[in-house]
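Just below is one structure, and these are the notes that go with it.
Just so it is clear, none of the values below were taken in a lab; they were calculated from the coordinates. All figures in this text were calculated on a predicted structure; none of them were measured in a lab. Reconstructed Cβ throughout: ideal geometry from the backbone, glycine too, with neighbour counts over all protein chains shown.
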Amino acid sequence: MNSSLEERRRLFAKYKEDVKKRGKPFFPGAMFHDTVMSLVVVVIIIVLAIIWKETATGNPPTGLLGKVYDAKADPGTFSFVPRPDWYFYFLFYLLRIFKWPDSVILGTVGIPTVLLILLLAVPFFDRRAERRLSRRPVAVVASILVVVSMGVLTWKGATATESLASENIKKVPSWVKHNKLPPRAIPGAMLFAQIGCLNCHSYLGTGGGFAGAPDLSAEGAKNKGIAFQIAHLKCPSCVNPGSPMPQFSALGLKRLTQLAIFLEASKGGK
């Protein structure tokens, strides 16, 4: 133990001597340069953002540096698939591996946190002065595995397709047959399959990912009426105080009416 401590002290003294002869210490020399350079980069970004915004004209607004934005967002859209920035694609794909609700915390919080803690702990348990890669097989293999796994998860996340909605749409014909839905209820059934209702609710054995969300297979048997269904979809907490269900008023009256017709036509089948 003493010899190891003496060796580290000798290497540190040699490092300090080398700094005096051939370089400068990280603080304040290198840190000052990094701070100045970071400030310059931030100022350039701010200036470019101001030029981009202030020179924008037309509809959609376009400036010297390109468009500010394309068409205005449609709050009622159900075809848009949200995706994270590219550096979160690996985490995005982990959500496909660790399904909600049983293991999503493990995949999104547990594993990344453990790996980050291990990375931060490396300088504390690996104190060898050896730098040659040929003499550090464990570190080299671990680094390669991390890079490869991150690369594969990022690529899989970038090329992943959202197939859940299309899988749900394929079940609409069986819903129509089982619940004897009239033709005017089919557009609402298609909407129901697409807009994420099955993330929480269940319908004839499909969906049901949120505990407490009722099965809607026989919602129409309650005879609540079209007007009630529309009002409930617009503002669930207004009709049912304390309801955690989000509002769907952004879908517009036409789509809400289609959903209401579908729900009222769902009598539970045979």
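Tabulated results
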| read-out | value |
| --- | --- |
| Order of 175, 86 under a 10 Å beta carbon neighbour criterion, fewest first | 86, 175 |
| Under 5 Å, built H, 5+ apart or other chain: amide partners of residue 63 | 57, 68 |
| The chain - mean residue ellipticity at 222 nm from DSSP helices (-39,500 (n - 2.57) per run, n ≥ 4, rounded to 500) | -16500 deg cm²/dmol |
| Spread of Cα-to-Cα distances over 5 Å intervals beginning at zero, given as percent, for segment 1-72 | 3, 13, 11, 10, 9, 8, 7, 7, 6, 6, 6, 6, 5, 2, 1 |
| Qualifying chymotrypsin sites (Phe, Trp or Tyr not before Pro) for segment 11-75 [loop in DSSP, other Cβ within 10 Å: at most 14] | 69 |
| Sites residue 125 and residue 85, calculated FRET efficiency, Cβ-Cβ separation with R0 35 Å, nearest 0.05 | 0.60 |
| The chain: angle of helix 137-159 to the longest principal axis, Cα-based, in degrees nearest 10 | 30 degrees |
| Cysteines not pairable in the chain (beta carbon separation under 4.7 Å absent) | 197, 200 |
| FRET E, pair residue 178, residue 240, Förster distance 30 Å, beta-carbon r, rounded to 0.05 | 0.65 |
| Rounded D (µm²/s) - the chain, Kirkwood Rh over Cα pairs, Stokes-Einstein at 10 °C, 1.306 mPa s | 64 µm²/s |
| Length added when fully stretched, residue 250-residue 150, from 0.36 nm per residue minus Cα-Cα | 32.2 nm |
| Segment 120-245: Cα Rg divided by the 2.2 N^0.38 Å rule of thumb | 1.85 |
| Once the Cα gyration tensor of segment 195-256 is diagonalised, semi-axes √(5λ) in Å | 18, 14, 12 |
| Tilt relative to the chain, helix 2-22 - C-alpha long axis, 0 to 90 degrees, to 10 | 80 degrees |
| Full-stretch length increase - residue 14, residue 72 - with 0.36 nm per residue and alpha-carbon distance subtracted | 14.7 nm |
| Rg/Rh (Cα only; Kirkwood hydrodynamic radius) as it applies to segment 81-161 | 1.07 |
| Residue range of the chain that is longest and free of GluC sites (Glu not before Pro) which are both DSSP loop and sparsely packed (at most 14 other C-beta within 10 Å) | 1-129 |
| Spacing of the two label points (7 Å from each Cα toward its C-beta) at residue 98 and residue 138, in nm | 2.5 nm |
